[in-house]
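A.B. asks: Got a structure for you, questions after.
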Amino acid sequence: MIKLQERDLKHIWHPCGQMKDLAANPPLLIKSARGALITQEDGRQVIDAISSWWCKSLGHGHPLITQALQAQLAQFEHVMFGNTTYTAIIELSEKLAQLTPSLCKASFASDGSCAVEIALKMSLHARQITGETQRTKFMALENSYHGDTGLAMAVSDLGIYRLPYQAVLPNVSFLKNIPYVANKLDPLWHDCSSMWPALEQQLNQQAANLTAIIVEPLVQGAGGMLIYSKDFLVRLRKWTTQHNIHLIADEIMTGFYRTGLKLACDHAMIEPDFLCLGKGLTNGVLPLSVTLTSNAIYDLFYDDFEKGKTFFHSHTHSGNALATAAALACFNAFDVENIEQKVQTLEFTLIELLQQIATETGYLTNIRHLGGIVAADLVNAFDISRLGYLVGQEAIKRGALIRPIGNSLYWAPPLNIEYETLLQLRDITCDAIKTRCCVS
């Protein structure tokens, strides 16, 4: 096993981490995974407390998805999607069109970043067609993250991701002083009127040149699982409509019941101009993302080829048949397992267990939760360097895969995780915090 890890480190550049860290703490060698549990080659099991970067909403090895993949593989695995179609992707598109009242046109890609790229490019291109050539700017929220490709990185407000490339990124404005909340009981969740005038002032200063504002609806993932006011999202949608500015909802992480409803936008009962989905769309089994938009946007690009209105954005694996089969199976599994109801119960369980840890350890503060997400900040009483990383490594040794974001610890487990597994997760997390949050 050690030799395998050494071979890995000799050639592989793992994502989103410092490779020197992996030399000290080698990557887990995975043999199998079922439900919320990952089994290593040596037989030890690890609880997947973060749904493998938020995509395993139904856990690992879901039988309905496996069956769907096998059935599709017997027919064909991929044919270029430029000028072909097939039954499964038509059915998937019809299901996606039912998520919102009017976002009925689907543009498929592979990963979440590229779904965001499609939305940003489509918004900008649309302005060229309508003659609004002054609308060339984007705005996003502070602490936002939308991906690591060019435009997606430009609208992300996390320095560690964008600063090395700042010189070549377009200038983007970030809306400051977002009304963050702890949960749905926070007064700001329902009414942020006291903060809105200052926010509106920032918006008005940029309005004339904006083509779109992009948001992670209600929960900012890589920013530290920060939750903000539902009322703010309502007001922002109203403002963008009044000023003819597109609203892009990046629901790559929040879509498909992660926040308790099918879409995070549903909490605010708003509909964006562009909706980006991924991750839970296929339960992370295969890469597939989609950008949904309206007939109004679609019709702008619908004309004779010679008129230059064609939207030239393509992926080799766009519309991949195996990924599409997985996505259809996910829609089925969400209904069969009654996931929406399960998340209602899961939300209360997650917050109860994390509060128990906070009480026992005294090392958690700013506890926040929404749907299948719960988070808190580690109290770094002894100024321990990279405390979150150390707690994460300790938890892995004890049997739970968590990856704190900075010093923000969070759980976002499979939405159908067993209660007994959550109790184990509580105990492991508690012990990891006790071990690492004090001077050794």
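A.B. asks: Which FRET efficiency value, to the nearest 0.05, do you get for Lys307 and Leu73 by plugging their Cβ-Cβ distance into 1/(1 + (r/R0)^6) with R0 = 35 Å?
C.D. replies: Working: r = 41 Å, r/R0 = 1.17.
Given R0 = 35 Å and the Cβ-Cβ separation, E is 0.30.
A.B. asks: Apply 1/(1 + (r/R0)^6) to the Cβ-Cβ distance of Tyr165 and Glu94, taking R0 = 45 Å, and write down the FRET efficiency to the nearest 0.05. Walk me through the intermediate numbers first.
C.D. replies: Values: r = 39 Å, r/R0 = 0.87.
Between Tyr165 and Glu94 the formula returns 0.70.
A.B. asks: A further question on this structure: Modelled label-to-label distance, Glu360 and Glu41, 7 Å Cα→beta-carbon offset: nm?
C.D. replies: Modelled inter-label distance: 3.3 nm.
A.B. asks: If I model a spin label at Glu340 and Gln202 as a point 7 Å from the Cα along the Cα→Cβ vector, what separation in nanometres do I get?
C.D. replies: Inter-label distance under the simple model: 3.3 nm.
A.B. asks: Enumerate the calculated ³J(HN,Hα) couplings along the stretch 216-223 in order (Karplus 6.51 cos²θ - 1.76 cosθ + 1.60, θ = phi - 60°), each rounded to whole Hz, writing x wherever the residue is Gly or Pro.
C.D. replies: 8, x, 6, 10, 9, x, 5, x
A.B. asks: Hey, if you put +1 on the Cβ of every Lys and Arg and -1 on every Asp and Glu Cβ in the stretch 83-195, which of His190, Pro179, Ser107 ends up farthest toward the positive end of that dipole?
C.D. replies: Of the options given, the answer is Ser107.
A.B. asks: Also: Once the other residues with Cβ under 15 Å from the Cβ of Ile129 are scored (Lys, Arg +1; Asp, Glu -1), what is the net sum? Present the calculation step by step, with values, prior to reporting the outcome.
C.D. replies: Values: positive: Lys121, Arg127, Arg135, Lys307, Lys309; negative: Glu132, Asp273, Asp299, Asp303, Asp304, Glu306.
For residues surrounding Ile129, the net value is -1.
A.B. asks: Could you line up Leu185, Leu58 from fewest to most neighbouring Cβ atoms inside 10 Å? The partial results should precede the final answer.
C.D. replies: Values: Leu185 8, Leu58 27.
Exposure proxy ranking, most exposed first: Leu185, Leu58.
A.B. asks: What is the distance in Å between the Cα centres of the stretch 118-161 and the stretch 368-421?
C.D. replies: One Cα centre to the other: 31 Å.
A.B. asks: Would you mind counting up the charge near Ser193? Only other residues with Cβ under 10 Å from its Cβ, with Lys and Arg at +1 and Asp and Glu at -1. Walk me through the numbers on the way to the answer.
C.D. replies: Details: positive: Arg235; negative: Asp191, Asp231.
With Lys, Arg at +1 and Asp, Glu at -1, the net is -1.
A.B. asks: Okay, next question. For the chain, what does the helix formula give at 222 nm: sum of -39500 (n - 2.57) over DSSP H segments with n ≥ 4, over the residue count, nearest 500 deg cm²/dmol?
C.D. replies: On the way: 17 runs with 177 residues, N = 440.
Result for the chain, helices only: -12000 deg cm²/dmol.
A.B. asks: Follow-up question, since we're still on this one. Does anyone have the angle between helix 63-73 and the longest principal axis of the chain? Alpha-carbon axes, 0 to 90°, nearest 10?
C.D. replies: Taking the Cα atoms of the chain, the angle to 63-73 is about 50 degrees.
A.B. asks: Any idea how far apart Glu142 and Asp21 come out in nm if each label point goes 7 Å out from Cα toward Cβ?
C.D. replies: The answer from the label model is 2.5 nm.
A.B. asks: Hey, got the dipole for the chain? About the Cα centre, +1 on K and R Cβ, -1 on D and E Cβ, debye to the nearest 20? If you can, show how the numbers build up before the last one.
C.D. replies: Values: 35 positive and 42 negative charges, 137 e Å.
With only Lys, Arg, Asp and Glu charged at Cβ, the dipole is about 660 debye.
A.B. asks: Which whole number of Å³ per residue matches the convex hull of the alpha-carbon atoms in the stretch 66-336? Let's see the in-between values first.
C.D. replies: Numbers: hull volume 36.3 nm³, N = 271.
Measuring per residue, one finds 134 Å³ for the Cα hull of the stretch 66-336.
A.B. asks: Something else: Taking a 22 Å limit on the Cα-Cα distance, which of the listed pairs Lys137/Lys184; Lys137/Lys238; Lys95/Lys307 fall beyond it? It would help to have the intermediate numbers written out before the result.
C.D. replies: On the way: Lys137/Lys184 33 Å; Lys137/Lys238 19 Å; Lys95/Lys307 32 Å.
Those over the limit are Lys137/Lys184; Lys95/Lys307.
A.B. asks: Right, another one. Say the dipole of the stretch 66-336 comes from +1 at the beta carbon of Lys and Arg and -1 at that of Asp and Glu; which of Leu120, Ser318, Asn244 then lies farthest toward its positive end?
C.D. replies: Of the listed residues, the answer is Asn244.
A.B. asks: Further, regarding this structure: In debye, nearest 20, what is the charge dipole magnitude of the stretch 1-122 about its Cα centre with +1 on Lys and Arg Cβ and -1 on Asp and Glu Cβ, if you could check? It would help to have the intermediate numbers written out before the result.
C.D. replies: Numbers: 11 positive and 11 negative charges, 29 e Å.
Using only the charged Cβ atoms, the result is roughly 140 debye.
A.B. asks: Let me ask something else. Length gain on complete extension for the stretch Leu29 to Cys438, per 0.36 nm per residue less the alpha carbon to alpha carbon distance? Display every interim value, and only then the final one.
C.D. replies: On the way: separation 409, 0.36 × 409 = 147.24 nm, distance 2.97 nm.
This chain segment gains 144.3 nm when fully extended.
All of the numbers you see were taken from the coordinates with simple rules; none came from a lab. In this text, all values refer to a predicted model and were calculated from it rather than measured experimentally. Every residue, glycine among them, receives a Cβ derived from its backbone with ideal geometry; neighbour counts consider all protein chains shown.
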